[in-house]
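The values are calculated or read from the model by the stated rules, or taken from the named source; none is laboratory data. The shown structure was predicted, so the numbers you read here are calculated from the model rather than taken from an experiment. No Cβ is skipped: glycine too gets one built from the backbone with ideal geometry, and neighbour counts run over all protein chains shown. When the accessible area is computed, the model is the full protein with side chains, heavy atoms only, and any ligands, DNA or RNA have been set aside. Shrake-Rupley method; radii C 1.70, N 1.55, O 1.52, S 1.80 Å.
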Amino acid sequence: GLSWLVFHNAEGASVQRPFVVGRFPELLETEPNNTIDAAASPPALPVVQNGVLQKNGDVDTYPVTLKQGATLVANVEALRTLGSPMDALVSISDE
């Protein structure tokens with residue numbers, strides 16, 4: 001779930017920062033991953049994939065392999081949960 005962290009040092013305290021604690025394994029994106037051909041191999045599911053915006057218009061591609069009848073849940077937590085001022089677009093496609 002969502003927790004709020006405050007860091008302290010000799011100079012004082014930081015502002016509160018949101019921190020999400022989940023129950024699934026987490027991966028950090030590996031660049032380059034702007035196209036499906038450049039993306040990493042599909043991870044074992046379930047997994048949380050953490051992306052980083054490196055520039056305006058950054059595209060991150062994450063391949064997944066699903067069995068027939070399986071359900072994919074794709075969710076972007078940046079704005080709603082973490083308050084990031086990004087405008088995300090999720091596009092799901094097959095081969």
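Structure notes:
- Counting the residues of the range 1-23 that are of a type outside the set (A, V, I, L, M), exposed (fewer than 10 other Cβ atoms within 10 Å of the Cβ) and either at pLDDT below 90 or within 14 Å of the chain's Cα centre (by Cα) (or both) gives 1.
- Against the criterion of being out of contact with any helix residue (DSSP H, G or I) (no Cβ under 6 Å at 6 or more places or on another chain), surrounded by 10 or more Cβ atoms within 10 Å (Cβ to Cβ) and farther than 18 Å from Arg17 by Cα, Ala74 qualifies.
- The condition of being aliphatic (A, V, I, L, M), in contact (Cβ under 8 Å) with a residue 60 or more places away in the chain and under 21 Å from Gly83 (Cα atoms) holds for only one of Val15, Val20, Val48, Val52, that being Val20.
- If you go through the range 61-71 and keep only what is of a type in the set (S, T, N, Q) and surrounded by 10 or more Cβ atoms within 10 Å (Cβ to Cβ), you end up with Thr61, Thr65.
For every residue, the table says whether it meets (1) not in a strand (DSSP E or B); (2) not polar (S, T, N, Q).
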| position | (1), (2) |
| --- | --- |
| Pro18 | no, yes |
| Arg23 | yes, yes |
| Glu31 | yes, yes |
| Pro42 | yes, yes |
| Gln54 | yes, no |
| Gly57 | yes, yes |
| Leu66 | yes, yes |
| Ala70 | yes, yes |
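- Neighbours by Cβ (under 7 Å, 6+ apart or cross-chain): first from the range 1-12, touching a residue at least 12 places away in the same chain (Cβ under 8 Å) and outside any loop (DSSP other than H, G, I, E, B); second open to solvent by less than 100 Å² (accessible area, probe 1.4 Å) and not hydroxyl-bearing (Ser, Thr, Tyr): Leu2/Pro18; Leu2/Val20; Ser3/Val21; Trp4/Pro18
- Candidate set from the range 57-88 (those that are free of Cβ contacts under 8 Å to residues at least 24 places away in the same chain and of a type in the set (Gly, Ala, Ser)); member that is farthest from Ser41 (Cα to Cα): Ser84
- Scanning the range 81-94 turns up no residue that is in contact with a Ser or Thr (Cβ under 8 Å, 6 or more places away or on another chain) and either surrounded by 11 or more Cβ atoms within 10 Å (Cβ to Cβ) or at positive phi (or both).
- Residue in the range 42-57 that is at pLDDT 90 or above and farther than 29 Å from Arg17 by Cβ present: yes
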